[in-house]
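Peer 1: Mind having a look at this structure? Questions to follow.
The values are calculated or read from the model by the stated rules, or taken from the named source; none is laboratory data. For clarity, every value in this text was computed on a predicted model and none was experimentally measured. Methodologically, a virtual Cβ is constructed for each residue, glycine included, from the backbone with ideal geometry; neighbour enumeration extends over all protein chains shown. Please note that ligands, DNA and RNA were not included when accessible areas were found on the heavy atoms of the full protein model with its side chains. Shrake-Rupley method; radii C 1.70, N 1.55, O 1.52, S 1.80 Å.
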Amino acid sequence: TGNSASWINKGVEFQIKSELPWGNDTLFVLNYGYNNPQGNRDRGINRTLDSLDSRAPNHTASLLLSTKPTNSSLIGLTYYYMSHTEWLEGYSKESSDNNGYTRADLTLRNTFPLSHRTDLSLSLIVKNLFDRRYSEFYRNNEFDRRTYLQLKLSY
């Protein structure tokens, strides 16, 4: 006997993107995905089937709001959401209380023109702004707040 499985994903996803009339090149982007996975696998153990129905998130979403207060600066706030998932090789019902996660990221950027073709950008990026610990896939993939300073030269 061999292992066998069947899995069907049905769902929908959409994106709404708009420049808001607030001036300052304010951009709004909303992404949403709904997935209804259905399936099972025969692991060859006591001839029982293992349900795969909760092995992918039902809901994923992100929301971006960015604005340019000046021609050389940008402020961006992004929010991410993923619903509960029981990863096939990672988390399982027995080993975790993973109930999905939410995360907010903040980006502050200022660009300094060095010449007519060269710019220097300095960005402060804060991932997981509100420091809500969450895990992805494996228990040890735990994330807390992380702050990055990015320097970019464009020529």
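Peer 1: For the residue pair D53 and I8, what label-to-label distance in nm results when each label sits 7 Å from Cα along the Cα-to-beta-carbon direction?
Peer 2: Output for this residue pair reads 1.4 nm.
Peer 1: Let me ask you something else. Taking the alpha-carbon set of segment 1-75, what are its Rg and Dmax in Å?
Peer 2: 21.4, 66
Peer 1: Antiparallel versus total DSSP beta bridges in the chain: what percent is that, nearest 5?
Peer 2: Working: 64 of 64 bridges.
Approximately 100 percent, going by the DSSP bridge assignments.
Peer 1: Shifting gears a bit: Tell me, what is the per residue accessible area of the chain in Å², probe radius 1.4 Å? Intermediate values should be presented prior to the final figure.
Peer 2: On the way: 10910 Å² over 155 residues.
Per residue, the chain has 70 Å² of solvent-accessible surface.
Peer 1: So, one more: Rg/Rh for the chain to two decimals, with Rh computed the Kirkwood way over all alpha-carbon pairs.
Peer 2: Taking Rg over the Kirkwood Rh, I get 1.13.
Peer 1: Right, another one. Explain nothing, just compute: Karplus ³J(HN,Hα) = 6.51 cos²θ - 1.76 cosθ + 1.60, θ = phi - 60°, for every residue of segment 114-131 in order, whole Hz, x for Gly and Pro.
Peer 2: Running phi through 6.51 cos²θ - 1.76 cosθ + 1.60 with θ = phi - 60° gives 9, 7, 5, 10, 10, 10, 10, 10, 10, 10, 10, 10, 10, 9, 6, 3, 8, 6 Hz.
Peer 1: Pop a pseudo-label 7 angstrom from the Cα along the beta-carbon direction at both S72 and F28 and give the gap in nm to one decimal.
Peer 2: Distance between the two pseudo-spin positions: 3.1 nm.
Peer 1: Mind putting a number on the dipole of segment 22-69 about its Cα centre? Charges go on the C-beta only, +1 for Lys and Arg and -1 for Asp and Glu, and I need it in Debye to the nearest 20.
Peer 2: Numbers: 5 positive and 4 negative charges, 32 e Å.
It works out to roughly 160 debye.
Peer 1: Same structure, new question: Which percent of the accessible area of the chain is formed by carbon and sulfur heavy atoms (probe 1.4 angstrom)? Could you put the intermediate results ahead of the total?
Peer 2: On the way: 5590 of 10910 Å².
So the carbon and sulfur contribution to the accessible surface is 51 percent.
Peer 1: Given the chain, what count of lysine pairs have C-alpha atoms under 23 Å apart, with each pair 8 or more places apart or on different chains?
Peer 2: 5
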